[in-house]
Amino acid sequence: MKQMLIESIKNLFSKPATLKYPLEPSPTPPNYRGFIVYKKELCIFCTKCEMVCPPGAIRFTYNEDDTKEFHYNPYLCIYCGECIRACPKPGCLTHAQEAAPPATATTIPDWDSLEKKADESKRAWLASKKKKK
Ligand code: SF4
Ligand code: SF4
């Protein structure tokens, strides 16, 4: 009883253990893994990130002028960080500190069409490389 009374008095003067969220934003843990941020200017288009991504959330499309385009689906991403570990260019892929964006009908990419385009453009690109040899 005495101990309980001491604890109660102590708690009256101690700082609350919880945050007044959303008035006070919760601090981001140091090892937080947010969605992927891509910096095109650092990319060498080696496509290693695409190769290691378990759910296929990164895809490249191949253009006729021999350039490639990076595409990322944050709603397919499982935030494992494999692409960041595989990328040979430091800083090219990073985790954002914010939470993943909430999905809305307008922000969900037409990923099925994009995957089809990625497969077809890669096939055409490989065929043109073979022809040049
Ligand atoms: S974090 Fe994982 S799932 Fe997300 S894009 Fe990178 S490799 Fe793919
Ligand atoms: S692994 Fe890095 S450098 Fe290579 S294509 Fe992906 S983002 Fe670009």
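Some observations on this one:
- Flag for residue 124 being more than 16 Å from ligand 2 (Cβ to nearest atom) and either open to solvent by less than 50 Å² (accessible area, probe 1.4 Å) or over 30 Å from residue 30 (Cβ atoms) (or both): yes
- Strands (runs of 3 or more DSSP E) completely within segment 1-116 that count 3 or more residues being open to solvent by 50 Å² or more (accessible area, probe 1.4 Å): none
- Checked against (1) closer than 29 Å to residue 27 by Cα; (2) more than 9 Å from ligand 1 (Cβ to nearest atom); (3) in contact with a helix residue (DSSP H, G or I) (Cβ under 7 Å, 6 or more places away or on another chain), residue 108 passes all but condition (3).
The values are calculated or read from the model by the stated rules, or taken from the named source; none is laboratory data. All values reported here derive from a predicted model rather than from experimental measurement. With ideal geometry, Cβ positions are generated from the backbone for all residues, glycine too; neighbour counts draw on all protein chains shown. Surface areas here come from the heavy atoms of the whole protein model, side chains and all, with no ligands, DNA or RNA. Shrake-Rupley method; radii C 1.70, N 1.55, O 1.52, S 1.80 Å.
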